[in-house]
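As structure tokens, the structure follows; a few thoughts come after it.
The values are calculated or read from the model by the stated rules, or taken from the named source; none is laboratory data. Since the model is a prediction, treat every value here as computed from it, not as a measurement. Virtual Cβ from ideal backbone geometry, glycine too; neighbours counted across all protein chains shown.
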Amino acid sequence: MLKSRAGKRTAPNRRKSRPGAARNRRPTRGGKATFSAPPETPNPMPAIADLATGGTPNAPVVSVVIPVVNERRTIARVVQEAFRIHRSTEVIVVANGTTDGSGKIAESLGARVLYYPSALGHDVGRSIGAREARGKIIVFTDGDIVISAKEIMPLVKAIDNGVDIALNSYLGPTDKMSVHGVVLAKHALNIALSRPELKGASMTTIPHALSRRALEAIGWEHLAIPPKAQTIGICRGLDVRAVHHIEVGRTNPKRRKRMGKHGDDPLEGLIVGDHLEALDWYIRATNERGNKPDLTRARESVR
């Protein structure tokens, strides 16, 4: 048994950190795609099952991908918690457009840091980090929200037990007369995909985790559009589940910062657009009705 440790879209040329050193979107657009030892820390977490990594010898069990843009205040704690998930963990920080030394802080704690001089845009860092990840389980989180290893562990355990995509079951505020467009889009997409039980659980929300099988089935490049990646995964028969509730709404400083004077959210249109792109992919992969029935409608009578 291995003991667990206590422990945003087109990519320009990058510069990697030294091995072992202590959303411009977007990669390939949709259409019909072809289916194709960190430093010791105290207070060990509960044990999880020993995992056969397969593939590359000495590959880590868990890879944690963390996109970062000027997160100096939080990055150290985020990286430390990531290393606590499992004793065989690699942490990949994608420092894009960072000027406050966040990358150097992550390096000093043992993370592998990929440097990009300009901001990549929403979620592109996830794709790039996933491409570089070597673990059997890939966890995605952000550099500005400190989430304890204890909260992330249920996602990792779910993948260990055979789930392919383990989602945070946080749904956002739904008890309002006027619901945020992103919340509605998440629910609508899951209904369209015949997965209403997922409600608003989504790969748009961090943290979430993928199996190596899921990463290979979806393709790392599609992770830059999280709803599209989720759609591809469901269509390809992956086991997608809302596993554990982690409150990230009230603790999301970026969301608070980007809210306009009148409570409008500049990212709302972008993320709703991501869901429309996911629906476009789904319709192209199925039919014009997304495999939904037409019942007895006699269309020929109005042609």
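Show the residue pairs that are 6+ apart or on different chains and have beta-carbon atoms under 6 Å apart, the first residue being within segment 125-144 and under 16 Å from R212 (Cβ atoms), the second being among the hydroxyl-bearing types (S, T, Y) and buried (at least 24 other Cβ atoms within 10 Å of the Cβ).
From residues that are under 16 Å from R212 (Cβ atoms), the pairs are A133/S63; G135/S63; I138/S63.
Do any residues in segment 81-96 that are under 13 Å from K150 (Cβ atoms) have Cβ atoms under 6 Å from those of residues that are in a strand (DSSP E or B) and not acidic (D, E), where the two are at least six apart or on different chains, and which pairs are they?
Here the result reads A82/V64; A82/V91; I85/V62; H86/V62, each pair linking segment 81-96 to a residue that is in a strand (DSSP E or B) and not acidic (D, E).
So that you can scan it fast, the table gives a plain yes or no per residue for (1) of a type in the set (S, T, N, Q); (2) over 21 Å from I66 (Cβ atoms); (3) assigned to a loop (DSSP other than H, G, I, E, B); (4) modelled with pLDDT of 95 or more:
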{"residue": "I138", "(1), (2), (3), (4)": "no, no, no, yes"}
{"residue": "V146", "(1), (2), (3), (4)": "no, no, yes, yes"}
{"residue": "V163", "(1), (2), (3), (4)": "no, yes, yes, yes"}
{"residue": "P173", "(1), (2), (3), (4)": "no, yes, yes, no"}
{"residue": "A185", "(1), (2), (3), (4)": "no, yes, no, yes"}
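Kindly check whether there is at least one residue in segment 213-224 that is crowded, with 24+ Cβ neighbours inside 10 Å, touching a helix residue (DSSP H, G or I) at 6+ places or on another chain (Cβ under 9 Å) and more than 12 Å from A130 (Cβ to Cβ).
no
Looking at segment 145-187 only, could you name the residues that are in contact with a strand residue (DSSP E or B) (Cβ under 7 Å, 6 or more places away or on another chain) and of a type in the set (A, V, I, L, M)?
I152, L155, V156, A158, I159, V163, I165, A166, L167
Looking at segment 270-289 only, could you name the residues that are out of contact with any Ser or Thr (no Cβ under 8 Å at 6 or more places or on another chain) and β-branched (V, I, T)?
Residues satisfying the conditions are V272, I283, T286.
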